[in-house]
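*Asks:* Just dropping this structure here.
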């Protein structure tokens, strides 16, 4: 290669070939132009191992746990938003030919890139990925030319029990969607995710991914407009057995910003699940819990036993009616509940931001005695006044 500039043709999007690029570098090295090779590798972001990122870059990605919540920062949102604009939107489905795979292939349930994504859907997927796999965000950002500090792509927020003001709340909320097997939670999430087609595969009856080789949970991500800034709602479908175990583990529940408990009155199994899980959830005093009435995929009982969830939940300090919806509007009148499925995301976001909206004071013996005392004193005062 006589002119170093001619080697650039091997790294342009239209003419990129691994063999050609390597041959250009070898030719430059034979000519004693090691500095030019180094400059080419730096300019293309390719390191000595052939990857656009180094282990040190990946180690700069924060790790989310029960002590801190990781979300995409404003800088990260701007980078990926600019990336979408650079691809002109309609070419997003072709972006992955220069990377190992779709970034969120490990999170079944997110919109499929092959079908084309809107700018909002594209950015929402990156926000969801930042919750689960921050290292993947750094990795793929490097593939598309990011050379800044990987830590600037993220911002850390305190867990739900350590938030004291609105500034402490993340703009990406992770919600556990729990329910018994076959209670209809999968249908509820599919209704919320339509009309966008999701990545290959769906969840089975127990919330497990049916994607061949799927590594992550089945999630649905939605962006909800809210005064002060949009909020991304990441709904994570959790299997029945996993939900039972998580409810008993405080460190696991602190990884979530709230719980959406699906309840199918026509299913004995769903009723038993609610009676088992609610007392455990009540122990997490700072965790918002909302409820959704669903229709069981397969009724487990032809004669469901009578259930009074409002009284049961009130005994454990939970509100029942304000955040109850159904994925089956045609049955809403029979169930006596609201039927606007589109209102669920916005209503759920407000519930997560206001713990008092999902909790009611538990009526304890002390509160009962105090009420009796107040009434007695009031009656006595009125009696003395009338005399």
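Coordinate-derived values only; no laboratory data. No experiment lies behind these values; they were computed from the predicted model shown. Cβ atoms come from the backbone with ideal geometry, glycine included; neighbour counts cover every protein chain shown.
*Asks:* Can you tell me how much longer the chain between residue 275 and residue 156 gets when fully stretched, taken as 0.36 nm per residue apart minus their C-alpha distance, in nm with one decimal?
*Replies:* Result: 39.3 nm gained on full extension.
*Asks:* Also: Once you place label points 7 Å from the Cα toward the Cβ at residue 19 and residue 78, how far apart are they in nm?
*Replies:* 4.3
*Asks:* With a point put 7 Å past each Cα toward its Cβ, work out how far residue 346 is from residue 149 in nm, to one decimal.
*Replies:* It works out to 3.9 nm between the two label points.
*Asks:* While we're here: Please work out how much length the chain gains when fully extended from residue 165 to residue 286, using 0.36 nm per residue of separation minus the C-alpha to C-alpha distance, in nm with one decimal.
*Replies:* This chain segment gains 42.2 nm when fully extended.
*Asks:* Further, regarding this structure: Could you work out how much longer the chain between residue 187 and residue 377 gets when fully extended? Use 0.36 nm per residue separation minus the Cα distance between them, nm to one decimal.
*Replies:* Extending this stretch completely gives an extra 63.0 nm.
*Asks:* Given a Förster distance of 41 angstrom, what is the FRET efficiency for residue 226 paired with residue 26, based on the Cβ-Cβ distance and rounded to 0.05?
*Replies:* Efficiency for this residue pair is about 0.15.
*Asks:* At a 10 Å Cβ-Cβ cut-off, how would you order 260, 313, fewest neighbours first?
*Replies:* Lowest to highest Cβ neighbour count: 313, 260.
*Asks:* What nm distance separates the two modelled labels at residue 56 and residue 316, each placed 7 Å from Cα along Cα→Cβ?
*Replies:* 5.1
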